[in-house]
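Notes follow the structure.
The values are calculated or read from the model by the stated rules, or taken from the named source; none is laboratory data. On a predicted model such as this, the values are computed, not experimentally measured, just so you know. Every residue, glycine among them, receives a Cβ derived from its backbone with ideal geometry; neighbour counts consider all protein chains shown.
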Amino acid sequence: MADLLVADALEKVYGEGDTATRALKGVSFTVAEGEFASIVGQSGSGKSTLLNLIGLLDTPSSGQVLFAGENTTALGRKGRSRVRNEGLGFVFQFHYLLPEFTVWENLTMPAQIAGRTLSADERSRALETLALLGLEGLEKKNANQLSGGQKQRVAIGRALMNRPKLILADEPTGNLDTKNTATVYELFRTINAELGTTFLIVTHDRAVAQQTDRILEVRDGELVQDVRNDYAG
Amino acid sequence: MLSFKIAARFLKSSPGQSALIMAGIAVGIATQIFVGSLITSLQADLIDSAVGSSAHITLLPGDGQTTVPGNLAAEASGSETLVSTAVPVRTLSGIFVDSDDSVPLSITGGDAGLLDTIYGLSERMTQGSFRLGEGEVVVGTVFSEKYGIEAGDELDVLLPSGSPATYEVSGVFDLGQATANERFAFVDAGSAADALGMDDDEYSAVQIQLTDVFASSEVAARLADEFDVEAADWQAENEQLLSGLAAQSGSSAMIQAFVLIAVALGIASTLAISAVQKTRQIGILKAIGMGDAAAGRIFLWQAALLGVGGTLGGIALGYALIALFGVVPVPFSIRPEPGFIALSAGIGITVALLSSVIPARSTSRLDPIEVIQNG
Ligand SMILES: Nc1ncnc2c1ncn2[C@@H]1O[C@H](COP(=O)(O)OP(=O)(O)OP(=O)(O)O)[C@@H](O)[C@H]1O
Ligand SMILES: [Mg+2]
C-alpha cells in the first residue's frame, strides 16, 4: 500500500543554549495507509513531541513530514490548518473539549470548522458514534457536565467524525476503565477495518500496544525499535 | 458564521461579565447622547434668544447717504436665497419724559405685519394686542412696569428734532430680553416718517432674517457689495456670545471624547481578559483546523455584539435621561436629535470594534501547540 505518512529525520530541540532539550534526535519511519500502529516509550521519551510534529501542531527543528504525498514542511499556517481539519483526527493526552458547547456541538465541530452543514449521512454517523462510545442520550449535555471518561470518549468521537485518513491518539484511554478501554480499541479496530483509516496510537501501556499491528518504540528521542506484531484480535 | 456562533456562546458562558461591559458601554453612550443633546439644545436656545427675535443683518445707508430706498428690501431678498424676511424700517431715538425720569427709547417704525416676521410680536404680547395703527405704539414689559405705562395709556416722547409727540399704547410685549423690554418701542411706518421728516420712499434701514443664522457674515458682505450699503451682522456684534458657545462646544466634545476613551478601554480590557480566558478553547479549535483569521474574528464578533447591545441600551438610557430632564423645570427643553444619536451609535460600535483589534490579533497568532502541550 502507498505511504500515507513519511517522517524523515525529525529533530526537535526545545529551548536554546545550556537549557536546550533535544526531545527528538532524528526519527525516521513510514506508515502505510490502513496501518494500525502504536508508539511506546517511557515518560519523557518524546512520544508526544513526535505525535505533535506528525499532527502538524508543531514544526520540527529539522527534518520533514510528508502526509499523503504532500511535503507539509512547505505549508503555511493556513495549509496546515486545512490538513489538520480534513486529513487528521486528534485524540489528545488530556481530553480537550469546548466547555461552552454541548456534546453534539463538540462532536460536529470539525465539520462546522470546514464550513459544512451536516449531511443526513453525517448525522446518522454522529449518532452511531455516540452509541458506540456509550454516550447516547448525552448529546444535549454541556461538555463540562461530563465525567473525565465521558469527555475522553466525546473527544474520540470528534476525531472520527471527519473521516480523516490518519488518527493520532495520545494516551486515548488513559482516563478510562478496562471495559471502556476495550470498547474504544474495538471501535478503533472496526473503523480501521471498515474505512481503512490509519491509526497511530501513543501509549505507555504494553498491553495496549500488544493489540496493535506494529509497535514503534521511542527511547530518549530516538526510534529504537520498530516491530510487526501479530495481533490476533 | 461559526466565529459568530462561538463569539455568542463565549459571551453567554460568562453572562455577568458580558452584562457588566454592556452596561459600561450603555452608560458611556447615554452620557454622550445626553451631554451632546443638552449642549446642542442649550446652544440652540441661547442663539434663539439672542437672534431669534431680532435682525440677523441690518442694511444701513452707504457712504454719503442718509436713507436707503424703499425697494432695497425686495431686491435684497430677491438676490439672496437664504433671506427669509427683509423688512424696511425707520429707526429713531426718542426720549420718554415723565415727572421725574427721562428715558431714551429706541423706536422702530415699520409695517406691523412685516415687523412681526422678525420680532414675532403678535405672539409676545402680555397686555393689549399687537396693533400699529396711525399714532399707536407698543412698549416692553420692563418699561411698562418701571414707568407705570399700560395698554391704553398715552406715551409722551421727545423726538430727535426736539419736538414732542404723543402716541397711544396699544400693547406691551415681552421679547425675552431685559434690555429690549426696557428700551424698545415700535410704531407704524407713517408716524416714524413724520417724526424723521422722511419721504414715503425713504427708510433708515432694512432688517433681515436668514434661514441659517450662521451665514450672516457672508450674506452681509455680499449684500453690502451688491447694493453699496453698510451691512451689520449679528455675529460681528456678538463675538463674545459666539466664542462662549464655541468654548462650550469644545468642552462638550472633550467630555464626549473622554467618555468614549473610557468605554474603549473598558471593552478592550474585557476582551483582553476574555481572550486569555478562552486561550484553551482557541487552541483546541485551531488544533482541529480552525484558521487564524476565523479565530481572530471570534473576538471581533464579541466586540460587535457587546458594542451593538451596549449601544442600544445606551440609546434607551439616553432617551430616558432626556425624558427625565423634561420633568425638571428648566427654561429650555432638550430635544434628542436623531442624527446626533445615530452618530453616537456609530461611534460606539466603531470604538467597540477597534478595541477588539488587539485581542483579535493575539488570538489569530496563537499557536495551538502552546495549549496542547501545557495541558
Ligand atoms: N515545550 C517544551 N519545552 C522544553 N522541553 C520540553 C517541552 N515539551 C517537551 N519537552 C521535553 O521533551 C522531552 C519529551 O517530551 P514529551 O512530552 O514528548 O514526552 P512523552 O514521551 O510524551 O512523555 P509522557 O509519556 O509523559 O507524555 C521531555 O524531556 C520534555 O521534558
Ligand atoms: Mg506525552
Which residue pairs have Cβ atoms under 9 Å apart, sit 6 or more places apart or on different chains, and have a first residue in region A:166-181 that is under 14 Å from A:V202 (Cα atoms) and more than 16 Å from ligand 1 (Cβ to nearest atom) and a second that is among the basic types (K, R) and modelled with pLDDT of 90 or more? none
Among the residues of region A:30-48, is any free of Cβ contacts under 8 Å to residues at least 40 places away in the same chain and within 12 Å of ligand 1 (Cβ to nearest atom)? yes
So which helices (runs of 4 or more DSSP H) are wholly in region B:1-92 and hold at least 1 residues that are touching a residue at least 12 places away in the same chain (Cβ under 8 Å) and under 21 Å from B:V187 (Cα atoms)? B:72-79
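Just the residues that are more than 10 Å from chain A (Cβ to nearest Cβ) and hydrophobic (A, V, I, L, M, F, W, C), please, taken from region B:9-23.
B:A19, B:L20, B:I21, B:M22, B:A23
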Among the listed residues A:D205, A:D230, identify the single one that is within 16 Å of ligand 2 (Cβ to nearest atom), surrounded by fewer than 17 Cβ atoms within 10 Å (Cβ to Cβ) and farther than 23 Å from A:A68 by Cβ. A:D205
Return a yes/no flag: does region A:75-91 have any residue that is within 16 Å of ligand 1 (Cβ to nearest atom), under 18 Å from B:I369 (Cβ atoms) and at pLDDT below 95. yes
If a residue has to be farther than 15 Å from B:L2 by Cβ and at the interface with chain B (Cβ under 7 Å from one of its Cβ atoms) to count, how many in region A:87-115 make the cut? 4
Tell me which strands (runs of 3 or more DSSP E) are completely within region B:138-202 and hold 3 or more residues being surrounded by fewer than 19 Cβ atoms within 10 Å (Cβ to Cβ), or say none if there are none. B:154-158, B:164-173
Name, by its number, the condition in (1) assigned to a helix (DSSP H, G or I); (2) polar (S, T, N, Q); (3) at pLDDT 85 or above; (4) farther than 20 Å from A:G87 by Cβ that does not hold for A:N180. (3)
Members of region A:208-223 found to be part of a loop (DSSP other than H, G, I, E, B) and more than 16 Å from ligand 1 (Cβ to nearest atom), listed by number: A:Q210, A:Q211, A:T212, A:D213
Selection status of B:L312, away from chain A (no Cβ under 14 Å) and either under 21 Å from the mean Cα position of the chain (by Cα) or surrounded by fewer than 19 Cβ atoms within 10 Å (Cβ to Cβ) (or both): yes
Per the filter on region A:154-193, residues away from ligand 2 (no atom under 16 Å from the Cβ) and hydroxyl-bearing (S, T, Y) are A:T178, A:T181, A:T183, A:Y185, A:T190
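Right, A:L200: within 16 Å of ligand 1 (Cβ to nearest atom), within 14 Å of chain B (Cβ to nearest Cβ) and modelled with pLDDT of 85 or more or not?
no
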If I go through region A:110-126 residue by residue, how many of them are more than 16 Å from B:A294 (Cβ to Cβ) and either touching a strand residue (DSSP E or B) at 6+ places or on another chain (Cβ under 7 Å) or not in a helix (DSSP H, G or I) (or both)? 3
Among the basic types (K, R) and assigned by TED's automatic domain parsing to the domain that holds B:N181, is that true of B:R90? yes
Flag if A:D226 is closer than 19 Å to A:S48 by Cα, in contact (Cβ under 8 Å) with a residue 24 or more places away in the chain and within 16 Å of ligand 1 (Cβ to nearest atom): no
Among the numbered conditions (1) among the hydroxyl-bearing types (S, T, Y); (2) part of a helix (DSSP H, G or I); (3) out of contact with any Leu (no Cβ under 7 Å at 6 or more places or on another chain); (4) within 16 Å of ligand 2 (Cβ to nearest atom), tell me where A:Y96 comes up short. (2)
Output the number of residues of region A:38-66 satisfying the condition of being touching a helix residue (DSSP H, G or I) at 6+ places or on another chain (Cβ under 6 Å), on the phi < 0 side of the Ramachandran plot and away from ligand 2 (no atom under 12 Å from the Cβ). 6
Residues to consider are B:I25, B:I57; find the one that is more than 22 Å from B:R222 (Cβ to Cβ) and surrounded by 22 or more Cβ atoms within 10 Å (Cβ to Cβ). B:I25
Restricting region B:93-119 to residues that are at pLDDT below 90 and assigned to a loop (DSSP other than H, G, I, E, B), the residue that is surrounded by the fewest Cβ atoms within 10 Å (Cβ to Cβ): B:S99
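Here is a yes/no grid of residues against (1) of a type in the set (S, T, Y); (2) in the same structural domain as B:L343 (by TED's automatic domain parsing):
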| position | (1), (2) |
| --- | --- |
| B:D201 | no, no |
| B:A205 | no, no |
| B:V213 | no, no |
| B:S252 | yes, yes |
| B:S274 | yes, yes |
| B:R280 | no, yes |
Here are some conditions: (1) crowded, with 19+ Cβ neighbours inside 10 Å; (2) in contact with a helix residue (DSSP H, G or I) (Cβ under 8 Å, 6 or more places away or on another chain). B:S13 meets all but one. Which one does it not meet? (2)
